[in-house]
Amino acid sequence: MARAADRNPDDPTIPISAGLRPLEAESIRMLVESVRDYAIIMLAPDGTIRSWNAGAERIIGYAGDEIIGRHASVFYPPEDVASGKLERELDLATREGRVEDEGWRVRKDDTHFWANVVITALYDERGGVRGFAKVTRDLTERRQIEEARERFIANAAHELRTPLTVLVGMISFLRSAPPETASEMLTEHLETLSRQADRMHSLVNNLLDLTKLEHGPELITLDPIPLATTFDRLIVAYPAPEGKHVVRDLGGFTVLAEARRLDQIFANLLINAYRHGGNFIVVRAWDEGDAIAIKVQDDGPGVEPSLMEHLFEPFRRGRSSQAVEGSGLGLAIVRGFVESFGGTVSLDRSAEGARFVVRLQRG
Amino acid sequence: MHRVLVIDDEPDIVYMVKVILRSAGFQVTSASGVNDAIAKLSEDDPDLVLLDLRLGDGEGWQVLAHLKDDDRTVRIPVIILSAHASPSTAERALREGAKGYITKPFVASSLLETVRTHVSAS
């Protein structure tokens, strides 16, 4: 068996096969080449790409013959190229043996991906660097989930801070009032305090509902529930504000659902229509064979086009509706609950005003 | 009587600020968005502005820039009322001409103290 030092230093297969019998070396080369979840590439001491595997092609987009021989800085965003990031990493790997980094990298098609990169220096028998092994994982999806979670928490904190501000401000004001007027003032402002406390309560409930939904399917029992009696109850609990009217035509349809969640779905859609719609809201059900469709339609200005795509995501609200009380979680919960029944919810874009259509299994 | 214009898109926050400041003898008017605020600035001729950064039709930064660009309003002290507690946002506010920065939530006494300080300084 030839010693590693006798081999051609430009041969990319040397580092991983050094000291191995040819058959083992060939097996390892084939193994590395076939790995698809990791980009495993070999670099020369100056950063030139020497080998390329299936994972590298899948993640970064280049075929081996178009990238071997080019410099590995091609995967870095321009600002990292300008600051000499790869060179610094190779220096560090040379001194320390290994360097790990997470950051944005660039694919062949110029799209960015969030990469975890480990660069390991490969030394010859005299301790000189003969190249580097670079293993890259595409963690874009995980990164996007983390970013979405951070946004969600920041938004939740912001939404909680508004009612909290009113409560803290009003309570500190009332405490500083002269005792003889405090009771009168408390009565005067009690409604505001109570409204903000309710708002925090419903926001916390909504956050808990959404968190439960995110943890995957919960075991819920679906029962046949008549739509008409559900709406009879909801209209009492959530009456139309003054000047607004709800017209109902639910026939004798029954759907498969869990009662509390079904109430919440239509309560949220009704509240949405009360807040953003005009004066008339129509709730109507019809038969679609396997499914029962229920629409909640208002005659308001409709949904802003820029909002449509993300309408059912948490904390998406139209600019014009910022002043309208609401947590920004109502439609996300509607979608989560409808899907937990095996149903769908959509916004009918062709309609005037906003027309939401919920489709549930016939009960 | 000193006039204060409060610019916030949350009706109950505006209500709370009005209750607190009126009890101390201030005359308070309000605006809920960028365009509304810009109109009220010339109508109400306030001695001090309390400004939220997140408004229904835009950002408080736009109102601040408008205020600082106009000779008639450049001297009005602006206090930012914001849910953003980050030092960098507060630094930006001061750099762009605000006189003070109050993080939500706040107690009545700190609002009154800040408003009194800047009204008397102006």
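Side notes on the structure shown:
- Complete set of residues in the range B:32-50 that are within 14 Å of chain A (Cβ to nearest Cβ) and closer than 20 Å to residue B:99 by Cα: B:34, B:37, B:50
- If you filter the range A:176-201 down to residues that are free of Cβ contacts under 8 Å to residues at least 40 places away in the same chain, within 38 Å of the chain's Cα centre (by Cα) and facing chain B (nearest Cβ under 9 Å), you find that the one that is surrounded by the most Cβ atoms within 10 Å (Cβ to Cβ) is A:196.
- Filtering A:99, A:129 for residues that are of a type outside the set (Phe, Trp, Tyr), more than 15 Å from residue A:40 (Cβ to Cβ) and at pLDDT 95 or above leaves a single hit, A:99.
- Residue B:69 free of Cβ contacts under 8 Å to residues at least 12 places away in the same chain and away from every other protein chain (no Cβ under 14 Å): yes
- Residue check, residue B:30 among the hydroxyl-bearing types (Ser, Thr, Tyr), under 23 Å from residue B:89 (Cβ atoms) and in contact (Cβ under 8 Å) with a residue 12 or more places away in the chain: yes
Condition check ((1) within 13 Å of residue A:358 (Cα to Cα); (2) in contact with a Pro (Cβ under 6 Å, 6 or more places away or on another chain); (3) not in a strand (DSSP E or B)) across all residues:
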{"position": "A:255", "(1), (2), (3)": "yes, no, no"}
{"position": "A:271", "(1), (2), (3)": "no, no, yes"}
{"position": "A:275", "(1), (2), (3)": "no, no, yes"}
{"position": "A:278", "(1), (2), (3)": "no, no, yes"}
{"position": "A:281", "(1), (2), (3)": "no, no, no"}
{"position": "A:287", "(1), (2), (3)": "yes, no, no"}
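- Residue that is surrounded by the fewest Cβ atoms within 10 Å (Cβ to Cβ), among those in the range A:258-279 that are closer than 17 Å to residue A:304 by Cα and among the small types (Gly, Ala, Ser): A:278
- Scanning the range B:21-36 for residues being on the phi < 0 side of the Ramachandran plot, at pLDDT 90 or above and outside any helix (DSSP H, G or I) gives a total of 7.
- Members of the range B:37-55 found to be under 23 Å from residue A:158 (Cα atoms) and at pLDDT below 95, listed by number: B:37, B:52, B:53, B:54, B:55
- The listed residue being facing chain A (nearest Cβ under 10 Å), surrounded by 18 or more Cβ atoms within 10 Å (Cβ to Cβ) and among the hydrophobic types (A, V, I, L, M, F, W, C), out of B:83, B:93, B:98: B:83
- Of the listed requirements (1) buried (at least 16 other Cβ atoms within 10 Å of the Cβ); (2) closer than 15 Å to residue A:344 by Cα; (3) at pLDDT below 90; (4) not hydroxyl-bearing (Ser, Thr, Tyr), residue A:303 misses just one: (2).
- Each residue in the range A:127-175 was checked for being at the interface with another protein chain (Cβ under 9 Å from one of its Cβ atoms) and either among the small types (Gly, Ala, Ser) or in contact with a Gly (Cβ under 9 Å, 6 or more places away or on another chain) (or both), and 3 pass.
- The listed residue being in contact with a helix residue (DSSP H, G or I) (Cβ under 6 Å, 6 or more places away or on another chain), more than 15 Å from residue A:115 (Cβ to Cβ) and among the small types (Gly, Ala, Ser), out of A:44, A:25, A:82: A:25
- In the range B:17-27, the residues that are in contact with a strand residue (DSSP E or B) (Cβ under 8 Å, 6 or more places away or on another chain) and surrounded by 20 or more Cβ atoms within 10 Å (Cβ to Cβ): B:17, B:21, B:26
- Residue, nearest to residue A:328 (Cα to Cα), within the range A:107-163, restricted to residues that are exposed (fewer than 12 other Cβ atoms within 10 Å of the Cβ) and polar (S, T, N, Q): A:144
- Unmet requirement for residue A:202, which otherwise passes all of (1) in a helix (DSSP H, G or I); (2) modelled with pLDDT of 85 or more: (2)
- In the range A:207-228, the qualifying residues are those that are part of a loop (DSSP other than H, G, I, E, B) and either exposed (fewer than 15 other Cβ atoms within 10 Å of the Cβ) or hydroxyl-bearing (Ser, Thr, Tyr) (or both), and the one that is modelled with the highest pLDDT is A:221.
Yes or no, residue by residue, for (1) of a type in the set (Val, Ile, Thr); (2) within 14 Å of chain A (Cβ to nearest Cβ); (3) in contact with a Lys or Arg (Cβ under 8 Å, 6 or more places away or on another chain); (4) within 24 Å of residue A:189 (Cβ to Cβ):
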{"residue": "B:4", "(1), (2), (3), (4)": "yes, no, no, yes"}
{"residue": "B:30", "(1), (2), (3), (4)": "no, yes, yes, yes"}
{"residue": "B:53", "(1), (2), (3), (4)": "no, yes, no, no"}
{"residue": "B:65", "(1), (2), (3), (4)": "no, no, no, no"}
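The values are calculated or read from the model by the stated rules, or taken from the named source; none is laboratory data. Bear in mind the structure is a predicted one, so any value in this text is a computation, not a measurement. Cβ: placed from backbone, ideal geometry, glycine included. Neighbour counts: every protein chain shown.
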